[in-house]
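Structure record follows, encoded as structure tokens.
The values are calculated or read from the model by the stated rules, or taken from the named source; none is laboratory data. Since we're looking at a predicted model, the values are computed, not measured. All Cβ positions, even for glycine, are placed from backbone atoms using ideal geometry, and neighbour counts span all protein chains on display. Accessible surface is based on the protein model in full, side chains and every heavy atom, while ligands, DNA and RNA are left aside. Shrake-Rupley method; radii C 1.70, N 1.55, O 1.52, S 1.80 Å.
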Amino acid sequence: MHLYAAFLGGELAASRMGEDHEVVFVVAEDTTSARKAAQKKWGGDGRAHVDAVTRLDRIDGYAISLSASGQGDATAMEGYN
């Protein structure tokens, strides 16, 4: 299993023109599975598509390892208005 970051794009509310975007993180065996899992996390209206997905093995010289721990997501948003 690997950690992936996915950049999702999707429809805006009916009265708006353009596209909404968000970044989600998923754990999956491969890129295809990561794309499917990421689409399920779309928080916007309508359907989402995956604009980009990347496997995260190392960040800033630190290796990423995964271990099962509880259920669901645990993320903290800091510094966002």
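Would you mind stating whether Phe7 is open to solvent by 90 Å² or more (accessible area, probe 1.4 Å), modelled with pLDDT of 80 or more and in a strand (DSSP E or B)? When the stated conditions are applied, Phe7 does not pass them.
Residues in region 43-70 that are in contact (Cβ under 8 Å) with a residue 40 or more places away in the chain and aliphatic (A, V, I, L, M) were compared, and the one that is nearest to Leu12 (Cα to Cα) is Ala48.
A quick yes/no check of all residues on (1) at pLDDT 95 or above; (2) hydroxyl-bearing (Ser, Thr, Tyr):
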| residue | (1), (2) |
| --- | --- |
| Leu3 | yes, no |
| Glu29 | yes, no |
| Asp57 | yes, no |
| Ser67 | no, yes |
| Gly72 | no, no |
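Consider Ala52 carefully, then state whether it is modelled with pLDDT of 95 or more, open to solvent by less than 90 Å² (accessible area, probe 1.4 Å), part of a helix (DSSP H, G or I) and closer than 17 Å to His2 by Cα. Taking the combined requirement at face value, the residue does not satisfy it. So is Asp60 at positive phi and among the charged types (D, E, K, R) or not? In short, yes.
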